[in-house]
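Data block below; observations after.
The values are calculated or read from the model by the stated rules, or taken from the named source; none is laboratory data. What you see is a predicted model, and the numbers here were worked out from it, not measured in a lab. Don't worry about glycine lacking a Cβ; one is built from the backbone with ideal geometry, like all the others, and counts go over all protein chains shown. Note: areas computed on protein heavy atoms with side chains; ligands, DNA, RNA excluded. Shrake-Rupley method; radii C 1.70, N 1.55, O 1.52, S 1.80 Å.
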Amino acid sequence: KPCPLCDEAKEILEPYKKRFILQEVDITLPENLAWYDKYKYDIPVFHLNGKFLMKHQVDIEKFEDQLMKLELQND
């Protein structure tokens, strides 16, 4: 379904797309009921490497900081 908040977030994250894999989850699908119950009022929600990072909008400073820390760990 259209999600302007999600589209805005994807646009902000576009310059970083070569540094991480964006996995979109449609929480309205039956198999994602647990995510729906948890986040139905908080979209978009961002996890990085399986851990909650932020919700509602991209905090680019937080994202850059956590992405850099993750990259340094993997070097």
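Could you give the Stokes-Einstein D for region 32-75 in µm² per second, using the C-alpha Kirkwood radius, 20 °C, 1.002 mPa s?
The estimated diffusion coefficient comes to 186 µm²/s.
Which percent of the accessible area of the chain is formed by carbon and sulfur heavy atoms (probe 1.4 angstrom)?
53
Binning at 5 Å from 0, report for the chain what percent of all alpha-carbon pair distances ends up in each bin.
It works out to 3, 14, 25, 26, 16, 11, 4, 1, in whole percents.
Using Cα pairs closer than 8 Å and at least 6 residues apart in sequence, work out the relative contact order for region 4-73, in percent. Show your work: numbers first, answer last.
Numbers: 40 pairs, mean separation 18.3, N = 70.
Over region 4-73, the number comes to 26 percent.
Working from Cα positions, state the angle (0 to 90°, nearest 10) between the long axis of helix 4-13 and the longest principal axis of the chain.
Approximately 10 degrees, to the nearest ten.
Which value, in debye to the nearest 20, describes the size of the charge dipole of region 1-43 about its Cα centre when Lys and Arg Cβ atoms bear +1, Asp and Glu Cβ atoms bear -1, and nothing else is charged?
With Lys and Arg at +1 and Asp and Glu at -1, about 180 debye.
Over region 4-73, give the accessible area per residue in Å² for a 1.4 Å probe, as an integer.
Working: 5590 Å² over 70 residues.
Accessible area per residue, region 4-73: 80 Å².
Counting only residues 5 or more places away or on other chains, whose amide H sits under 5 Å from the amide H of residue 53 once H atoms are built in the peptide plane?
Sorted by chain and number, the residues that satisfy this are 46, 47, 48.
Could you check the spin-label model distance between residue 72 and residue 23? Points 7 Å from the Cα along Cα→Cβ, value in nm.
Output for this residue pair reads 2.5 nm.
Report the label-to-label distance for residue 16 and residue 57 in nanometres (one decimal), using points 7 Å from each Cα along the Cα→Cβ vector.
Using points 7 Å along Cα→Cβ, the separation is 1.6 nm.
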